[in-house]
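What follows is calculated from the coordinates using simple rules that are stated; it is not laboratory data. Not measured: the values here are computed from a predicted model. We place every Cβ from the backbone using ideal geometry, glycine too, and count neighbours over all the protein chains shown.
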Amino acid sequence: MWYYSRVNREKLYAWPLVIGIGVIFILSNIIWLVPFMRDVEQSAERYQAEIAYRVALRADFFLEKKLREMGALALDILEVGADKKKADAMIVKFLARHADFVSVNLIPAVSSDGEYSVSSIMQDNGKKIIRIVAPLPYTNVSLNAVVTVGDIIISLAEERVGTSGRLYAIDALGNIVFHEYEGVTRIKSDSRAFMSIDGGTGTYVNEAGERVLGASVFAPSIGWTVVAESPLTEAWANKYNAITLAVVLMAMGLVFVVILIVSFKKIMTIAMREKALHKAKSEYISLLAHQLRTPLTGTKWNIKTLLDGDWGPLNVKQKRFLTRGYETNEQMIRLVNDLLSITRMENGTYDFHPIKTDITALLTHVVDTFRDEARRVDVRLVLKKPRTKKRIPLIVLDAEKIEMAINNLIDNAIRYNKRGGMVEVSIAREVHVVRITVADTGVGIPAREKAHIFSPFFRADNVLKMQVQGFGLGLHIAHNIVEKHRGTITFVTKENEGTAFTITLPLR
Amino acid sequence: MAKVVLVIEDDIYMRDVLVAKLTKEGFTVFEAIDGSVGLDMTAQKKPDLVVLDIILPIMNGFDYLEAKAKVSAIANIPVIILSNLGQREDVERGMKLGAKDYLVKAHFTPNDLMVKVRSCIG
């Protein structure tokens with residue numbers, strides 16, 4: 001049940017998490033995208049406005065040049081005064097020198113402020129013309145010139161606006177000065193709200209039905225409005241690319257997050273399964289221990305009551321054979337305990353519970369439990385504690401497991417000893433470790449078999465010959481326990497003289 | 001008057017030797033083969049001590065301890081757990097549920113139990 005509620009909780013959190021992260025991705029992309037798009041738009045507007053400005057400037061230069069030329073003619077005419085014949089001759093010469101002037105004549109002054117005027121675009125025999133009227137100073141006449149603008153228009157229209165943009169100009173009345181589209185004579189003013197005497201930019205649908213960006217500049221001298229127009233797909237290409245990039249990034253980010261969450265869910269599922277399996281293994285081994293020990297315990301307790309004389313005295317032989325039965329049963333119990341320990345170690349269910357422990361007290365307790373046994377087999381058991389008054393500090397270790405390890409060493413030292421032999425257990429503090437030594441005067445380990453001494457179920461040949469009961473698991477278990485405590489277990493031995501096992505455990 | 005001990009143990013060999021040993025030692029002994037019968041008998045007989053196994057049919061030893069603690073009339077009756085479940089967490093659980101002691105059967109003898117029983121109820 002706990003497993004399923006955990007999975008459902010994950011389902012509950014998973015989608016809001018995806019949505020939350022998705023929102024973050026979108027917002028983080030918007031943060032750079034929005035100003036970038038604005039920059040692109042402004043950049044396109046500036047680019048087109050610059051082109052329109054250049055063209056407007058050239059148009060004004062054209063007019064100003066014509067005005068200067070007319071000014072020079074005016075001065076010449078003024079010099080001849082009232083002589084009309086001379087004035088006409090000058091005009092003829094002027095027209096011969098200036099091909100784009102169609103005609104020039106003198107007319108009564110039309111402007112009271114002394115300023116020139118320029119007409120809108122007109123057509124004259126298929127040519128586009130403008131009329132320029134410039135007053136002669138200090139007189140009441142004006143020069144009236146008709147100028148063709150065909151060449152200047154062609155020159156202006158050659159300016160390029162991007163790859164597929166276009167340029168056009170209109171006069172004050174909205175008449176087309178020049179336009180790339182043939183047949184377009186007038187521009188819809190309602191869609192050109194941005195065009196003003198101060199210039200401007202705007203987007204609109206042009207006569208070809210395209211959605212475009214237009215930038216307009218007013219040429220004040222000639223009175224034309226020049227517009228540089230470009231399809232939005234070209235003008236804002238970078239903007240669209242950026243949007244595409246942002247969408248791709250967001251999509252990639254979302255895909256990544258979804259993969260992350262799916263992987264996380266899988267990992268969690270595997271981890272939970274492993275945990276459940278670990279728990280099941282642990283419970284299985286506990287039950288196995290119980291089932292194996294139950295008949296052995298029944299036998300042990302029944303025989304012990306007989307040996308204790310609870311049901312009457314026993315004769316010597318009854319006692320002897322019952323004692324053997326009891327001891328054999330005890331061995332089986334020890335074997336079951338050792339097998340269970342090894343099974344737990346191999347399955348990773350051999351849990352360690354380290355706590356601060358007085359290792360000296362622990363060692364003393366273990367040695368005391370062997371005193372009766374040692375006496376029984378005529379082995380002298382000695383415990384040597386540090387001579388210095390300085391106590392060995394508390395060490396963090398699993399007391400139960402370390403006790404088992406030391407227990408196994410002392411048990412072996414007594415069991416594989418000679419009658420009248422000795423087992424010396426000592427403990428000493430060094431700089432970084434505590435050293436526990438169990439030294440015996442037993443049978444030792446043959447040199448050729450030293451390498452296998454910590455292998456499970458290994459028993460040396462000389463020990464097998466002794467016909468002493470054992471299963472070869474004690475040292476394997478001790479070795480495993482000490483290693484788990486980041487300690488070491490080593491030995492020195494000489495066959496027929498004895499063995500000394502040394503455990504070192506780190507002080508920290 | 002002899003002290004009364006209730007033995008709750010499903011294994012017949014263990015139960016017989018426990019009952020026999022306790023009787024020999026002068027206790028009045030009752031027996032139950034599962035936790036549920038054990039709980040009923042605890043309520044009926046109100047023993048001075050319960051010797052309790054853990055792995056039991058119908059109601060295990062831990063559940064027995066939890067149920068016993070809820071009945072005020074029998075909550076304070078001392079319990080010695082005698083089980084072959086010997087893992088640290090089992091011992092901790094048993095002591096946490098109010099047992100006075102926890103003995104792993106395979107590691108103790110009948111006389112060891114008697115020492116514990118006498119220290120509990122005299």
Collect residues whose amide H, placed 1.01 Å from N in the peptide plane, falls under 5 Å from the amide H of A:V434; neighbours closer than 5 in sequence don't count. A:L505, A:L507
Find the centroid of the Cα atoms in the range A:218-275 and in the range A:354-405, then give the distance between the two in whole Å. 72 Å
Over the residues of the range A:387-508, compute the C-alpha Rg and express it relative to 2.2 N^0.38 Å. 1.07
Mind checking Rg over Rh on the range A:187-324, alpha carbons, Kirkwood formula for Rh? 1.90
Using unit Cβ charges (K, R positive; D, E negative) and no other charged atoms, how large, in debye to the nearest 20, is the dipole of chain A about its Cα centre? 4400 debye
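Can you tell me how the range A:410-451 classifies by the Cα gyration tensor, rounded, prolate or oblate, using a/c under 1.5 as the rounded cut?
Numbers: a/c = 3.38, a/b = 1.49, b/c = 2.26.
It comes out oblate by the Cα gyration axes.
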Just check the range A:381-447 against the gyration tensor rule for me: Cα atoms, a ≥ b ≥ c as the square roots of the eigenvalues, rounded for a/c under 1.5, and otherwise prolate or oblate depending on whether a/b exceeds b/c. prolate
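Can you compute the helix-only [θ] at 222 nm over chain A? Use -39500 (n - 2.57) per DSSP H run of at least 4 residues, normalise by all residues, nearest 500 deg cm²/dmol.
Working: 11 runs with 259 residues, N = 508.
That calculation yields -18000 deg cm²/dmol at 222 nm.
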The farthest towards the positive end of the charge dipole of the range A:284-343, of the residues A:I342, A:L322, A:I285, given +1 on Cβ of Lys and Arg and -1 on Cβ of Asp and Glu, is A:L322
Considering only A:M250, A:A439, A:Q467, whose Cα is most displaced toward the positive end of the charge dipole of chain A, charges sitting on Cβ of Lys, Arg (+1) and Asp, Glu (-1)? A:Q467
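Is there a pair in A:K265/A:K401; B:K24/B:K116; A:K465/A:K494; A:K356/B:K70; A:K279/B:K100; B:K68/B:K100 whose C-alpha atoms are over 25 Å apart, and which pairs would that be?
Beyond 25 Å: A:K265/A:K401; A:K356/B:K70; A:K279/B:K100.
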Roughly what percent of Cα-Cα pairs across the range A:206-260 reach past 16 Å? 64 percent
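Could you work out the relative contact order of chain B, using alpha carbon pairs under 8 angstrom and six or more residues apart, expressed as a whole percent?
Working: 196 pairs, mean separation 27.9, N = 122.
Averaging sequence separation for qualifying contacts and normalising by length gives 23 percent for chain B.
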Return the long-range amide H neighbours of A:L383 (sequence gap of 5 or more, or a different chain), with a cut-off of under 5 Å between placed amide H atoms. A:V425
In whole Hz, with x marking every Gly and Pro, tabulate ³J(HN,Hα) for the range A:473-488 from phi via Karplus 6.51 cos²θ - 1.76 cosθ + 1.60, θ = phi - 60°. 10, x, 6, 4, 5, 4, 4, 4, 5, 5, 5, 4, 8, 6, x, 10
Here the whole-number average of other chain Cβ atoms within 10 Å per Cβ of A:300-307 is 6
With point charges of +1 on the Cβ of Lys and Arg and -1 on the Cβ of Asp and Glu, referenced to the Cα centre of chain A, which listed residue (A:L33, A:L143, A:G199) lies farthest in the positive direction of the dipole? A:L33
Amide H of A:A109 versus every other amide H placed in the peptide plane: which residues, excluding those fewer than 5 positions away on the same chain, fall under 5 Å? A:V141, A:S142
Only Lys, Arg (+1) and Asp, Glu (-1) charged, at Cβ; the range A:374-498 dipole about Cα centre in debye: 540 debye
Cross-link reach from A:K128 to lysines, straight Cα distance under 16 Å and at least 8 residues apart if same chain, gives A:K66
Quote the relative contact order of the range A:235-374 in percent (integer), defining contacts as alpha-carbon pairs under 8 Å separated by 6+ residues. 25 percent
Rounded to the nearest Å, the spacing of the alpha-carbon centers of the range A:429-457 and the range B:55-121 is 39 Å
Mind checking the alpha-carbon convex hull of the range A:258-365 and giving the volume per residue in Å³? 146 Å³
In whole Hz, the Karplus estimates of ³J(HN,Hα) for the range A:153-158 (6.51, -1.76, 1.60; θ = phi - 60°; x where Gly or Pro) are 4, 4, 5, 5, 5, 6
Using the Karplus equation 6.51 cos²θ - 1.76 cosθ + 1.60 (θ = phi - 60°), what ³J(HN,Hα) coupling, rounded to whole Hz, does each residue of the range A:427-437 give in order, writing x for Gly and Pro? 9, 8, 9, 10, 4, 10, 9, 10, 10, 10, 10
Where a ≥ b ≥ c are the square roots of the eigenvalues of the C-alpha gyration tensor, would you call chain A rounded, which needs a/c under 1.5, or, failing that, prolate if a/b is larger than b/c, or oblate? prolate
Determine the principal axes of the Cα atoms in chain B, then give the extent along each, sorted from largest to smallest and rounded to whole angstroms. 32, 31, 26
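Net charge within 11 Å of A:F61 by Cβ-Cβ distance, Lys/Arg positive one each and Asp/Glu negative one each, not counting A:F61 itself? Write out the running numbers ahead of the final one.
Working: positive: A:R54, A:R58, A:K65, A:K66, A:R68; negative: A:D60, A:E64.
Computed value for this residue: +3.
Taking only C-alpha pairs under 8 Å that are 6+ residues apart, what is the relative contact order of chain A in percent? Write out the running numbers ahead of the final one.
Working: 722 pairs, mean separation 51.7, N = 508.
Relative contact order here is 10 percent.
Give me the mean projected area, in nm² to one decimal, of the convex hull enclosing the Cα positions of the range B:16-71.
Details: hull surface 15.1 nm².
So the mean shadow area of the Cα hull is 3.8 nm².
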Ellipsoid equivalent to the range A:250-300 - semi-axes via the Cα gyration tensor, in Å: 49, 4, 4
